[in-house]
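Right, one structure below, let's go through it.
The values are calculated or read from the model by the stated rules, or taken from the named source; none is laboratory data. On a predicted model such as this, the values are computed, not experimentally measured, just so you know. Here Cβ is always computed from backbone atoms with ideal geometry, including for glycine, and neighbour counts include all displayed protein chains. To get the accessible areas, we keep the full protein, side chains included, count just its heavy atoms, and leave off ligands, DNA and RNA. Shrake-Rupley method; radii C 1.70, N 1.55, O 1.52, S 1.80 Å.
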Amino acid sequence: MNKVRRKSIQDIASQLETLKSELEGLQGEEEDYRDNIPENLQGSERYEKAEEACDTLSEAVDGLENIITSLGELAEG
């Protein structure tokens, strides 16, 4: 891989890192929302939707982390 393509991959990884940070912020906000739902509503549809959103955001963050790691390895090698 040439230097130009390595630089492009590093730039993309950097952009993905920024997006991952933004998603982590949203994930934290959603977790706070879920955690502040009153106890008597914790079995409700509202709570379940918040829980599902937290899980999905977590999976998205993990996925981006895997992609960023793969791109970093590619750019190094």
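Which members of segment 67-77 meet the condition of being open to solvent by 40 Å² or more (accessible area, probe 1.4 Å) and part of a helix (DSSP H, G or I)? Spell out the reasoning first.
Of the residues in segment 67-77, the ones open to solvent by 40 Å² or more (accessible area, probe 1.4 Å) are 67, 69-70, 73-74, 76-77.
Matches in segment 67-77: I67, T69, S70, E73, L74, E76.
Looking at segment 22-66, which of the residues that are exposed (fewer than 12 other Cβ atoms within 10 Å of the Cβ) and polar (S, T, N, Q) is modelled with the highest pLDDT?
Among those residues, the one meeting the criterion is N66.
Working only within segment 1-49, note down all residues that are touching a residue at least 60 places away in the same chain (Cβ under 8 Å) and of a type in the set (G, A, S).
A13
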